[in-house]
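Just so you know, all these numbers are worked out from the coordinates, no wet-lab data involved. As the structure is a prediction and not an experimental result, all values here were calculated from the model. Here Cβ is always computed from backbone atoms with ideal geometry, including for glycine, and neighbour counts include all displayed protein chains.
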Amino acid sequence: MKRSELGRFPLLLGVLVSAVLGSTSCRSNTDEMLAAADLFISTLSEDQRGRAVFAFEDDERLRWHFIPPEMFPRAGVALKEMNPEQRDRAHDLIKSALSQSGYMTTVQIMELEDVLQELEGGGRLARDSEEYVLSVFGTPSADTSWGWRFEGHHVSLHFTIVGGAVISSSPAFLGANPAEVLDGPSKGLRALADKEDAARTLLQALDAGQREMAMISDVAPRDIVTGTELEIDPLTPVGIGATMLSQEQRSLLMDLIRAYTSVMAEGIAAYRLERLDEAGIDKIAFAWAGGLERGEQHYYRVQGPTFLIEYDNTQNDANHIHSVWREFDGDFGRDLLREHVSSNPH
């Protein structure tokens, strides 16, 4: 059975999700998300609906990237194509999945396209803060399998809802170019500041021996290692494990992890942390590559049994960030499909 067949067994999967998730708080975001998705779809014209809404099983659901639209055309309806009401409903759907700070970060990343337009003076890429596309997969319902994607340059957010619960919020990619705006009205803006600062705080808290364990290379990779692979495996070398950290350092490691989970709405963030905790915080490792000083090319990863965080800042003189949250079995809701197949052979 193909993993895209997840949507063909909504009732059985609803039971399975209930068993797997129990009363986890990730359900708390589903009602708001469902209502927002219904309202968004209801505002679309027939032509827009034909371009924005796909079957849950459609391969388009698994297609993703974080590069500019000229380099990777996206299916769906872009914000720039929407009237004010449609745009408001689209933003309501985005807000339903993100925390207030996560939503503001996403908007800042989109607005950086206008900064790039000024910096580049109308280069080969037509930078546009409204060239971000929303797509829905399946029929939003408390009983069915459905999902949605919001994507454009440096933003790729994916949500899978099965049996009335948000069971997957990954891949979740956020980038920033420039990482820090150096001139103009937005001078000083650092859209992803928490993701760099929390990692540096942890790195600086390590003693010389610990830092040597954490360092996996003197040279940072040119980009996140996993790229846009659909399925990922744990990366090696892993760096320094949580068992080698003091209690204070472990707290700083969790602060770094929360810089990623806190992008999501409260219930979704709590579900991520529940999975992480159940898999074992002692099994989490932190790794760094590249320069240690600000302004130098650098990369880090945080890896646990269930998840992977990657962050890279090497392009544009180390002023261009790529960051991503991935789950080894959970991206696009794959884990539930596998459990379903093993429990219910077809």
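General observations
- Packing-based ranking, highest mean first, of 281-290, 115-124, 201-210, 165-174 given that Cβ atoms within 10 Å are counted: 165-174, 281-290, 201-210, 115-124
- D143-E60 FRET efficiency (beta carbon distance; Förster radius 30 Å; 0.05 resolution): 0.85
- Note that segment 175-184 has calculated 3J(HN,Hα) couplings of x, 8, 9, x, 5, 10, 6, 8, 8, x Hz, one per residue in order, obtained from phi through the Karplus relation 6.51 cos²θ - 1.76 cosθ + 1.60 (θ = phi - 60°); glycine and proline are x.
- Sequence-distant residues sharing a close amide H with V77 (under 5 Å, placed H): L134
- Span per principal axis, largest first, for the Cα atoms of segment 115-238 (Å): 54, 41, 23
- Inter-centroid distance (Cα atoms) of segment 158-188 relative to segment 136-151, Å: 19
- For segment 193-329: relative contact order, % (alpha-carbon pairs under 8 angstrom, 6 or more apart): 28
- Of the DSSP H helices in the chain, those with a Cα length along their own long axis of 15 Å or more and a mean Kyte-Doolittle hydropathy reaching 0.0 comprise 10-21, 30-43.
- Extent along principal axes [Cα atoms of segment 193-329; Å; largest to smallest]: 37, 34, 26
- At R0 = 22 Å, FRET efficiency that the Cβ-Cβ distance of S101 and Q247 yields, to 0.05: 0.25
- Distant-in-sequence amide H partners of S99 (H built 1.01 Å from N, under 5 Å): M264, A265
- Spin-label model, E231/I67: points 7 Å from Cα along the beta carbon direction are separated by 2.4 nm.
- Peptide ranges 183-192, 145-154 listed from the most packed, as the mean C-beta count within 10 angstrom indicates: 145-154, 183-192
- Highest average packing first - 64-73, 225-234, Cβ atoms within 10 Å: 64-73, 225-234
- Cut-off under 5 Å, modelled amide H: who pairs with F54 long-range: V136, F137, G138
- Separation of the N319 and D183 label points, Cα + 7 Å toward Cβ, nm: 0.9
- Within straight-line cross-link reach of K195, aspartates and glutamates at Cα separation under 19 Å, skipping those fewer than 8 residues along the same chain: E111, E180, D223, E248, D255, E266, E293, E296, E310, D312, D317, E327
- Summarising the strand pairing of the chain, around 90 percent of its internal DSSP beta bridges are antiparallel.
- Applying 1/(1 + (r/R0)^6) with R0 = 45 Å to the Cβ-Cβ distance of R258 and S45 gives a FRET efficiency near 0.65.
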